[in-house]
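The values are calculated or read from the model by the stated rules, or taken from the named source; none is laboratory data. Quick caveat, the model's predicted, so the values are computed rather than measured. When we count neighbours, we look across all protein chains shown, and the Cβ atoms used for this are built from the backbone with ideal geometry, even at glycine. The area values use the complete protein model at the heavy-atom level, side chains included, leaving out ligands, DNA and RNA. Shrake-Rupley method; radii C 1.70, N 1.55, O 1.52, S 1.80 Å.
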Amino acid sequence: MVHLHQQLRHFLSAIIAACGLLAALPAAAGQWEFGLYASLWGTREYQVWLPSNYNPNTPLPVVLMLHGCGSEPNSMAAVSRYNQLADSENFIVVYPRQNATANPMRCWNFMLPLNQERGTGEPAVLMGILNKVKSKYAVQDSRVYVTGISAGGAMASIMAACYSDVFAAVMVHSGGMYKGAIGMLTAADSLFNGSSFDPKVRGKDAWRCSGSPRRLMPTMVFHGTADIVVNPVNGEQTIEQFLQTSDVGDDGLDNDSVRYRADSIVRQTVPYGRSYSIDTYLHNGAVIAQKYTVEGMNHAWSGGPPGWPFSDELGPDATVISWNFFKHYQR
């Protein structure tokens, strides 16, 4: 475990050092806008990417992107390349920034009970940021999505669980399920060994967090088989948890109307890159969840640019794939 902690510190140090190179990167076609949100639950900066064709008279979809530990909006944008895709597909991307005062490594505190409920803690702050963005820009309310990597992925699970009336779909990259950890000790254990909590129980907890709604939560998961920071079993647990959430969400009953059993498994290979499998889950003939398992990938954004920490250029493009998944769903 000491070795794993050393590896984690190495990765975080590298990504923090890389952030200093951002000023030299060429500007993309759209533009950054900067904001600050403050409430009883805290104050956070955030950045909004407005695509090049943004028109205040035309509401656009929004992706809420949550960075991982040691990262921030600029490096997350550079690694994911969501801004470039937003320019071509015409959607808005919102990047909240975690404070070092809230977490010394700038991790979202997904493991704290205060941050695992609707209307409190960091989820309340993130929703406050999103609502502020909605009040300032033209946003299509029915097409709001959430994604994140690592600690940001675990926080994306919380947001999708507790605000299923807001988010039309979620993508969790190298993260964990809703309430996969409660407190620091279980957080460390879940990272290295997978959560000790039952995904089916957590699936029902997630359903209750949004008020026991009658709706499904379309879910995508990306995870590498060689992830030494977040055990790959977390990806499997996340899929199982959200399938359980959708099972009780469609009719209010735990009756396997949405099953934790893939309807198809396809194996593919990126040209000159990694092999990966796609597990697809259906509900009434439509895709409700997909899990991408990338062979040999460590703790990194799949399909990111070369030369960046937490980026794996050999994997399938998680950014394009997730957006293609998102745009099929709306609230």
Hey, if we sort 108, 41 by accessible area with the 1.4 Å probe, largest down, what's the order? 41, 108
Please report the antiparallel percentage of the DSSP beta bridges confined to the stretch 178-311, to the nearest 5. 65
Determine ³J(HN,Hα), in whole Hz, for all residues of the stretch 206-219 in sequence, where each value follows from phi through the Karplus function 6.51 cos²θ - 1.76 cosθ + 1.60 and θ = phi - 60°; x replaces Gly and Pro. 5, 4, 5, 4, 8, x, 6, x, 9, 7, 8, 10, x, 9
With a 1.4 Å probe and every protein chain left in place, work out the accessible area per residue of the chain in Å², rounded to a whole number. 39
Using a 1.4 Å probe on heavy atoms of the protein chains only, the accessible area for residue 177 in Å², nearest 10, reads 10
Formal net charge of residues neighbouring residue 286 (Cβ-Cβ distance under 12 Å; K, R +1; D, E -1): -2
At a 1.4 Å probe radius, carbon and sulfur cover how many percent of the accessible area of the stretch 24-156? 54
Scoring the stretch 264-331 by relative contact order with C-alpha pairs under 8 Å, at least six apart, yields a percentage of 23
How much net charge surrounds residue 141 when only the other residues with a Cβ under 9 Å from the Cβ of residue 141 are counted, with Lys and Arg +1 and Asp and Glu -1? +3
Computed for the chain: size of charge dipole around the Cα centre, +1 on C-beta of each Lys and Arg, -1 on C-beta of each Asp and Glu, debye to nearest 20, value 480
Rank these residues by their accessible area, most exposed first, probe 1.4 Å: 106, 267, 97. 267, 106, 97
In the full protein assembly as shown, how much of residue 265 is accessible to a 1.4 Å probe, in Å² to the nearest 10? 90
Among residues other than residue 106 whose Cβ falls under 9 Å from its Cβ, what is the net charge (Lys/Arg +1, Asp/Glu -1)? 0
Anisotropy class of the stretch 36-96 from Cα gyration tensor, a/c 1.5 cut: oblate
Just list whichever of 134/179; 136/200; 136/327; 136/291 have alpha carbons separated by over 30 Å in the model shown. 136/200; 136/291
Reviewing (1) 32, 57, 11; (2) 35, 61, 4; (3) 29, 60, 10, 0, the figure for P(r) over Cα pairs in 20 Å bins from 0, in percent actually calculated from this model sits under (2)
Ignoring ligands and nucleic acids, what accessible area does residue 43 show with a 1.4 Å probe (Å², nearest 10)? 60
When N counts the residues of the stretch 167-263, how does its alpha-carbon radius of gyration compare numerically with 2.2 N^0.38 Å, as a ratio? 1.05
Taking the dipole about the Cα centre of the chain, with the C-beta of Lys and Arg at +1 and of Asp and Glu at -1, give me whichever of 129, 315, 252 is farthest to the positive side. 129
Considering only the chain, what is the antiparallel percent among its DSSP beta bridges, to the nearest 5? 50
From the protein chains alone at 1.4 Å, what is the descending order of accessible area for 174, 39, largest first? 39, 174
